[in-house]
Amino acid sequence: MFSIIKSVRTRYRWALIAIALLISGSALLMQHSFSVQKFDAKIINIAGSQRMLSQKIAWHSNAMLLNINNYSLAHTESLEKSLNTFKKSHQILLTKNSDDEYIYLNPALVDLYFGETIGLDKAVFDYIEQTERLLYQQGEINHSVFSIKHVETLLTKLDKAVSLFESQAVKKVNWVANLEILCWLLAMTLLLIELRFVFIPMEKEVSDTLLELQKQKDFVYQTSQNKEHFIARASHEFRTPLQGLITSIEELEVSDKQQSVKTQANYCGLRLIAILDELQDLQALSAGKWVPHLNDENLLESCNKVVIAYKHACKQKGLKLVSSLDESLNCVCKLDHQRLQHTLTELISNAIKFTQKGEITVSAKLLNDEFHLTVSDTGSGFSKKITSLEFDSFKQTNHFQGLRTGLTRVQYVVKALHGEITFTNNKTHGALVSLYLPVTISKALPTPLKVNNKLTCLVVEDNPLNTMLLTRILSLLGLSYDCAENGKVACEMVSENQYDIVFMDLNMPVMDGFEAIKKIRSDLNKVMPIIVITANTSQNDIERVYEYGANLHIHKPISQQAIKDALNSISVVSEIN
């Protein structure tokens, strides 16, 4: 891009310089031509005045010769003045340059003034000489010089001189006109040359560059789409077995000696989900589609879920995990609790990675509707002051590892929730991370609700393991259910039976969940709530299921609490008596 800008700039400048030089040259030539024409007009005016002066001289001279009654001194003065002007003008017309060449006379005028046939210069000289003799009474006067015939002959020669001067000026005017046409032709030729060798290649280069940029843009867009689809598909494939793993771990009844093994399994499951969520969030962040999902939950429970899960990791590394969660957290707050847990997970995980011995301390409290959280460790600390988190993973310090996307997500989440996060060193040793988030505390705890056990559900799922896990949760909630292995079977069952709620998977053979939802709403005109249960994390796909008529969606792996919350959200519960 910068090379084409440089190329365009260089060509454009050369084109402007060429046009500027041509315009300047044309202007100088025109100014010179106008100057020449100005002198030509002056010479023509002088030559024309010679005719008038010759007549005036003849009139005054004849008056003196005839000694008419009204002759007076005024005739003498006027004659002298006219003669001097006539004489001076004649000298001007015959001016020579340093090379002894006539300045104002062309060959025709030279022949007119000095030719043997006409001899205008000699005639003018004789005319001046006889007038001076008459005026100053010096010598014998030739009266025929002032006769009508002789004066008319002189006037004829002077007229011819004027005509030749005018003809000479007209030729110069024609030369100027031709020069103007030549300048115009040169300008047009220059523009055509610039069009052919400057602007057309420049346009082609710009067009080719823009086309190449568009191809790169399309390629980047397609790559982004492929990445989004891959992440969604990979997330789907991972979440499906995780569903069975986590549910199975939760239902295990183990002895006290095996409790640590169960805790370890819980921790591993939590980390796998966190990694999937991290990839999913990163994709949403890069596409600009991430928004906070606020919900009412107990803040103390949200924090405890994360802290408890990391006890095994600390124990395994020989570290002590100190939890200091204030009782003020034991309230229901409107917050994106899931992203808060991800943030706390990232901070504790980093603290564990860079602490070789000692302890990790997690402290939190509510103060004036603001959540205060600190995570401190006795590890390596920070080598320099950190004023803000860095988005570029290649610029991040070695204090942060893993997928190297965690802090990007943390910063985005904190900003989206209008919070603040700081990184400093402990006074003694290690790192101290402080998080401040504004929260909205609910005025009263929600009334406990239980699921209406009279509901009849339809589970649409092609994976037997997922079907077994979901139906087990429905059984624990006291709900009756039927199962369908794909969307086509589900539509047939919906048309034949009455269901209160449908749990719909999306990726299925024969007919997927998208088409099934669309058919249930449009063709069968059924209005029962449809809850989408899927491992598909593509934002476009989630938006599409809502367009088709879904009421809610739950990402796999699912839990009994997630199903309860979903049923609560769509108002299919009844209060506990």
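Looking at (1) modelled with pLDDT under 75; (2) within 30 Å of the chain's Cα centre (by Cα); (3) open to solvent by less than 90 Å² (accessible area, probe 1.4 Å), find the lone condition where GLN243 falls short.
Condition (2) is where GLN243 drops out.
Keeping to region 321-364, report how many residues are within 25 Å of VAL291 (Cα to Cα), open to solvent by 10 Å² or more (accessible area, probe 1.4 Å), of a type outside the set (Val, Ile, Thr) and not in a helix (DSSP H, G or I).
Total satisfying the criteria: 2.
Taking region 473-498 only, how many residues are closer than 20 Å to ALA562 by Cβ and assigned to a loop (DSSP other than H, G, I, E, B)?
Selection size over region 473-498: 3.
Among the residues of region 457-472, write down those that are more than 21 Å from GLN561 (Cβ to Cβ) and among the hydrophobic types (A, V, I, L, M, F, W, C).
Correct list: LEU458, VAL460.
Restricting to region 523-539, name every residue that is open to solvent by 60 Å² or more (accessible area, probe 1.4 Å) and closer than 27 Å to SER224 by Cβ.
GLN539
What number of residues within region 180-238 are closer than 30 Å to LEU272 by Cβ, hydrophobic (A, V, I, L, M, F, W, C) and surrounded by 13 or more Cβ atoms within 10 Å (Cβ to Cβ)?
4
Restricting attention to region 175-192, and to residues there that are closer than 12 Å to ILE23 by Cα and not aliphatic (A, V, I, L, M), which single residue is farthest from the chain's Cα centre (by Cα)?
GLU180
Among the residues of region 293-336, write down those that are touching a residue at least 60 places away in the same chain (Cβ under 8 Å) and of a type in the set (D, E, K, R).
ASP296, LYS334, ASP336
Within region 482-495, identify whether any single residue is in contact with a His (Cβ under 7 Å, 6 or more places away or on another chain) and open to solvent by 10 Å² or more (accessible area, probe 1.4 Å), and answer yes or no.
So the first thing to find is which residues in region 482-495 are in contact with a His (Cβ under 7 Å, 6 or more places away or on another chain), and the list is none.
Within region 482-495, not a single residue is in contact with a His (Cβ under 7 Å, 6 or more places away or on another chain) and open to solvent by 10 Å² or more (accessible area, probe 1.4 Å).
Per-residue answers, yes or no, for (1) closer than 30 Å to LEU21 by Cα; (2) assigned to a helix (DSSP H, G or I); (3) not acidic (Asp, Glu):
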site	(1), (2), (3)
GLU194	yes, yes, no
LYS204	yes, yes, yes
SER207	yes, yes, yes
LEU210	no, yes, yes
ARG239	no, yes, yes
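A quick yes/no check of all residues on (1) open to solvent by 30 Å² or more (accessible area, probe 1.4 Å); (2) not in a helix (DSSP H, G or I):
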residue	(1), (2)
SER49	yes, no
MET52	yes, no
ALA58	no, no
ASN62	yes, no
LEU79	no, no
SER82	no, no
PHE86	no, no
GLN91	yes, no
TYR104	yes, yes
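Mind listing whichever residues of region 499-522 are open to solvent by 40 Å² or more (accessible area, probe 1.4 Å) and assigned to a helix (DSSP H, G or I)?
GLU515, LYS518, LYS519, ARG521, SER522
Examine region 157-165 for a residue that is closer than 26 Å to PHE34 by Cα, of a type in the set (Asp, Glu) and open to solvent by 80 Å² or more (accessible area, probe 1.4 Å), and state whether such a residue exists.
There is no residue in region 157-165 that is closer than 26 Å to PHE34 by Cα, of a type in the set (Asp, Glu) and open to solvent by 80 Å² or more (accessible area, probe 1.4 Å).
Which residue pairs have Cβ atoms under 8 Å apart, sit 6 or more places apart or on different chains, and have a first residue in region 553-565 that is farther than 16 Å from ILE246 by Cα and a second that is among the polar types (S, T, N, Q)?
Filtered contacts from region 553-565: HIS553/THR534.
The values are calculated or read from the model by the stated rules, or taken from the named source; none is laboratory data. In this text the structure is predicted, and so the values were computed from the model without any measurement. With ideal geometry, Cβ positions are generated from the backbone for all residues, glycine too; neighbour counts draw on all protein chains shown. Each accessible area value is taken on the protein alone, full model and side chains, heavy atoms only, with ligands, DNA and RNA left out. Shrake-Rupley method; radii C 1.70, N 1.55, O 1.52, S 1.80 Å.
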